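So the structure is just underneath, and the comments pick up after that.
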Amino acid sequence: MRVALAADHGGAALKDELIPRLADAGHEIVDLGGDGSDPDDDYPKFARRAGEAVRGGQVERAIVVCGSGVGAAIAANKLRGIRAGVAHDTYSAHQGVEHDDMNVLCLGARVIGSALATELAITFLAARYRDEGRFRRRVAEVAAIEDAEMGPTPADLGALPAEGSRPR
Ligand code: RB5
């Protein structure tokens, strides 16, 4: 799978460990930085980059690493269409995809070691959304919250008839 990795200064070292391991597992990696050298490199920037890469279709999924994973998840979830979660256990790493269509995994480099992080990433990338029944309904309910908060999507706006052609 084509997957983006991104990290703030708290997560860059773990990101750099994950990249060759995920590549060895057959994934195509897009490294969106950072390199860990700047203590002011904050997680919102990297969560946004990763979320935009998923939303724009450049990658199928993303993994964002920060100190705890929490900040990255909070920031990534501000992007429409992004369903990010912190998962530090393998059950959540696959169930979050299968049930909730999680498309961004957030990891905490100060919480877990690189061996577990690798297992979590591989588990996340191997999982597939079960696009059916109650799962589809719940994901649609989440999207409805997004629509209520953010208004119509650009696609919705594009689908409206041109201003002058609307019936009165
Ligand atoms: C950075 O020092 C740290 O606060 C950040 O990586 C993260 O833990 C936020 O959730």
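Readers should treat all values here as calculations from the given coordinates under stated rules, not as data from a laboratory. Bear in mind that the values here come from a model prediction, so they are computed numbers and not experimental data. In this analysis, Cβ positions are derived from the backbone assuming ideal geometry, glycine residues included, and neighbour counts consider all displayed protein chains.
Data for the structure
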read-out: Restricting segment 6-33 to residues that are closer than 14 Å to Cys106 by Cα and among the charged types (D, E, K, R), the residue that is farthest from the ligand (Cβ to nearest atom); value: Lys15
read-out: Which numbered condition Phe124 misses (of (1) closer than 19 Å to Thr90 by Cβ; (2) free of Cβ contacts under 8 Å to residues at least 60 places away in the same chain); value: (2)
read-out: Check on Val54, assigned to a helix (DSSP H, G or I), within 14 Å of the chain's Cα centre (by Cα), under 17 Å from Arg130 (Cα atoms) and not acidic (Asp, Glu); value: no
read-out: Test: residue in segment 34-51 that is farther than 26 Å from Glu132 by Cβ and of a type in the set (Phe, Trp, Tyr); value: yes
read-out: Single match in Val70, Val3 (criterion: touching a Lys or Arg at 6+ places or on another chain (Cβ under 7 Å) and closer than 15 Å to Leu105 by Cβ); value: Val3
